[in-house]
Amino acid sequence: KQWYQRRVAITAGDPTDSVILGCNCVNAFQEQSKIECAAVPCTLFSIVKSSGPVLKQLVEEDSWERLAEIVLDNFYIPVTTILCYCPGAFSATATCAADYDGQLFMFMENGTDIEPVYREVIDKLDLDTITEVVETLFTASCGEIDGVNCYRRHAETIVETVRILANSVNTEYDPTACDTIKRHQALFEDYMNAWDYSTVDSTELKKYVNRLVNAFLNMERANICDEDCAEYFADTFYGCCAKHAMEVFSSDRMQRKVMKVLKNVYKLVSNDEKFPNVNKAIKKYYSIYDFEKFCGSDITVYKEVNDMCDAIVA
């Protein structure tokens with residue numbers, strides 16, 4: 001627990017900490033089952049506060065891959081280590097948001113005008129469901145499977161994704177290689193164009209979501225189901241950690257919770273009270289979370305990974 005800092009101060013009710021966090025927030029973290037987790041807010045703040053040298057590295061670094069590694073090593077890994085040890089931090093954070101009684105708004109310009117808007121938004125948000133979704137998605141990458149640390153493995157796949165993007169803008173890189181977007185450039189451009197929302201009104205939202213999902217799945221199918229590249233994608237992006245996370249993400253319960261969150265947020269940002277019927281599009285999107293079924297029987301490498309992982313956890 002090297003991340004554990006200032007526990008004594010915060011559990012003693014250090015006024016320097018509580019003036020911004022508020023008593024309700026401090027109490028919510030103190031009430032967690034692991035006493036070390038009371039220090040989570042201050043520890044996270046200390047990571048940000050000490051990030052000066054890291055930001056200097058980011059400014060000076062030219063390599064995309066190295067930039068990703070710096071961010072992951074100095075922010076993602078430390079923060080994830082803390083939150084995997086203290087999953088109760090998510091519900092405590094929701095309490096901080098819902099019952100905020102700190103003095104942050106007093107230090108903000110126009111804070112007295114911002115606070116009522118904040119309260120109104122918070123009151124309309126389904127914080128219980130949002131917290132469950134965020135915590136479930138995040139903690140799905142915690143732990144180890146067959147000796148592999150899952151969130152560190154996830155960090156490696158992020159670096160590889162950045163490397164693919166770097167290869168894709170390199171005019172000298174082989175356009176037929178598996179680790180470049182240029183292999184299926186047209187489908188990638190279709191996907192990016194599908195994001196264009198400028199000509200869409202609220203009555204066309206269902207059509208827009210369908211277009212976006214179809215473009216995404218077409219692009220992904222061309223990549224991960226490519227007979228010549230499937231082994232690369234299985235080795236690089238798939239494995240027991242990824243399989244477990246995907247199963248968590250795509251469970252029936254999570255799908256229902258995510259849809260509930262979407263409806264909640266939609267009512268907050270839209271004048272239209274009726275949420276468009278995008279159930280089929282969302283269900284279709286979740287099909288990619290099972291690589292074996294998504295690619296079909298002609299691509300066997302994902303079934304081999306699934307069988308291996310099932311045997312490990314059996």
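The values are calculated or read from the model by the stated rules, or taken from the named source; none is laboratory data. The structure displayed is predicted, hence computed values, not measured ones. Note that we place each Cβ from the backbone using ideal geometry, even for glycine, and neighbour counts take in every protein chain shown. Accessible surface is based on the protein model in full, side chains and every heavy atom, while ligands, DNA and RNA are left aside. Shrake-Rupley method; radii C 1.70, N 1.55, O 1.52, S 1.80 Å.
Couplings for segment 62-71, taken from phi via the Karplus curve 6.51 cos²θ - 1.76 cosθ + 1.60 with θ = phi - 60°, read 9, 6, 4, 4, 5, 4, 4, 4, 5, 4 Hz in order; Gly and Pro are left as x. What does the charge count around Thr176 come to, taking other residues whose C-beta lies under 14 Å from its C-beta (Lys +1, Arg +1, Asp -1, Glu -1)? Net of charged neighbours comes to -4.
Using the Cβ-Cβ distance between Lys49 and Val248 with R0 set to 30 Å, the FRET efficiency from 1/(1 + (r/R0)^6) comes to roughly 0.35. For the chain, the Cys residues with no second cysteine's beta carbon closer than 4.7 Å are Cys23, Cys42.
Here the convex hull built on the C-alpha positions of segment 35-75 has a volume of 55 cubic angstrom per residue. Separation of the alpha carbons by more than 18 angstrom is noted, of Lys182/Lys207; Lys124/Lys267; Lys182/Lys283; Lys124/Lys260; Lys206/Lys267; Lys124/Lys257, for Lys182/Lys207; Lys182/Lys283. Pairwise Cα distances in the chain exceed 38 Å in 25 percent of cases.
Between amide H atoms placed 1.01 Å from N, distances below 5 Å from Ile145 occur with Cys150, all of them 5 or more places distant or on a separate chain. Measuring nothing but protein heavy atoms, the accessible surface of the chain at 1.4 Å probe radius is 55 percent carbon and sulfur. Each residue of segment 95-100 was assigned a 3J(HN,Hα) from its phi angle through the Karplus expression (A = 6.51, B = -1.76, C = 1.60, θ = phi - 60°), giving 5, 4, 6, 6, 10, 5 Hz with x at Gly and Pro. Axis angle, to the nearest 10 degrees, between helix 150-169 and the longest C-alpha principal axis of the chain: 60 degrees. If you wrap the tightest convex hull around every Cα atom of segment 227-305 and split its volume per residue, you get 114 Å³.
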